[in-house]
Amino acid sequence: EGWILRQQGLLTMLFTFFVFTPAWAIVFNKIEGWAAWDAYIYVFTVITTIGYGNFSPAKPAGMYATIFMGLTGIPLMCYALAWIGTASQRCSHLILKKIRKSLGFKAKPSKMQEIYFSVFLFMAHFAHCVIVFCVMEAWTITTSCYYTFVTLSTIG
């Protein structure tokens with residue numbers, strides 16, 4: 001049963017990112033006339049509930065499409081993100097175990113060590129995103145930090 005649920009989570013995540021989101025981006029591209037990338041970002045910010053607010057539909061068809069897309073996409077994204085979180089936790093546990101083993105520790109990592117390692121990985125991901133935005137968007141460190149934080153925290 002656990003294996004089946006893990007496979008369903010993976011399939012949901014793949015469907016959400018590679019079928020659902022691009023399909024709805026095409027819908028908004030056609031209805032609102034947005035560029036493909038802008039439509040994709042809009043769909044992604046709605047279904048992740050980030051909602052930056054820099055795009056909103058101007059046409060009634062786009063408004064109804066947003067409602068329907070959100071009602072179906074938000075639960076899909078929640079399930080996909082739950083799977084990603086579980087997979088990330090399992091991976092970080094295995095990595096920490098291998099690091100500890102290579103350093104000669106025989107005991108299993110404690111829960112606190114796992115939590116600290118997860119925080120370290122999240123901070124490393126945060127720093128990576130900041131660097132990418134600084135380089136790719138030519139933003140200041142402050143702007144990059146802020147944008148990364150509001151994105152990862154879903155404040156939007």
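The values are calculated or read from the model by the stated rules, or taken from the named source; none is laboratory data. Everything quoted here is computed from the prediction, not taken from an experiment. Cβ sites come from the backbone with ideal geometry, for glycine too, and all protein chains shown count toward neighbours. SASA here: full protein model, heavy atoms, side chains in, ligands and nucleic acids out. Shrake-Rupley method; radii C 1.70, N 1.55, O 1.52, S 1.80 Å.
The set of residues in region 31-40 being surrounded by fewer than 18 Cβ atoms within 10 Å (Cβ to Cβ) and in a helix (DSSP H, G or I) consists of ALA36, TRP37, ASP38. Do we find a residue being small (Gly, Ala, Ser), buried (at least 19 other Cβ atoms within 10 Å of the Cβ), at pLDDT 90 or above and in a helix (DSSP H, G or I) anywhere in region 9-30? Scanning region 9-30, I find at least one residue that is small (Gly, Ala, Ser), buried (at least 19 other Cβ atoms within 10 Å of the Cβ), at pLDDT 90 or above and in a helix (DSSP H, G or I), so the answer is yes. So which residues in region 127-156 are touching an Asp or Glu at 6+ places or on another chain (Cβ under 9 Å) and β-branched (Val, Ile, Thr)? Across region 127-156, the qualifying residue is only THR143. Considering region 48-65, the residues that are in a helix (DSSP H, G or I) and out of contact with any Phe, Trp or Tyr (no Cβ under 8 Å at 6 or more places or on another chain) include one that is most open to solvent (accessible area, probe 1.4 Å), namely TYR64.
With respect to the conditions (1) of a type in the set (Phe, Trp, Tyr); (2) modelled with pLDDT under 95; (3) closer than 26 Å to GLN8 by Cα, TYR147 lacks only one, and its number is (3). Here is the figure for region 92-116: residues that are surrounded by 14 or more Cβ atoms within 10 Å (Cβ to Cβ) and more than 21 Å from the chain's Cα centre (by Cα) total 6. Condition (residue is open to solvent by 40 Å² or more (accessible area, probe 1.4 Å), more than 21 Å from the chain's Cα centre (by Cα) and of a type in the set (Ser, Thr, Tyr)) applied to region 73-91: is it met by at least one residue? The answer is no, given that none of the residues of region 73-91 is open to solvent by 40 Å² or more (accessible area, probe 1.4 Å), more than 21 Å from the chain's Cα centre (by Cα) and of a type in the set (Ser, Thr, Tyr). For region 83-93, does any single residue satisfy the condition of being in contact with a Leu (Cβ under 6 Å, 6 or more places away or on another chain) and in a loop (DSSP other than H, G, I, E, B)? Checked against the condition, which is being in contact with a Leu (Cβ under 6 Å, 6 or more places away or on another chain) and in a loop (DSSP other than H, G, I, E, B), region 83-93 yields no hits at all.
Considering only residues in region 133-156 that are under 24 Å from GLN89 (Cα atoms) and out of contact with any helix residue (DSSP H, G or I) (no Cβ under 7 Å at 6 or more places or on another chain), the one that is surrounded by the fewest Cβ atoms within 10 Å (Cβ to Cβ) turns out to be SER153.
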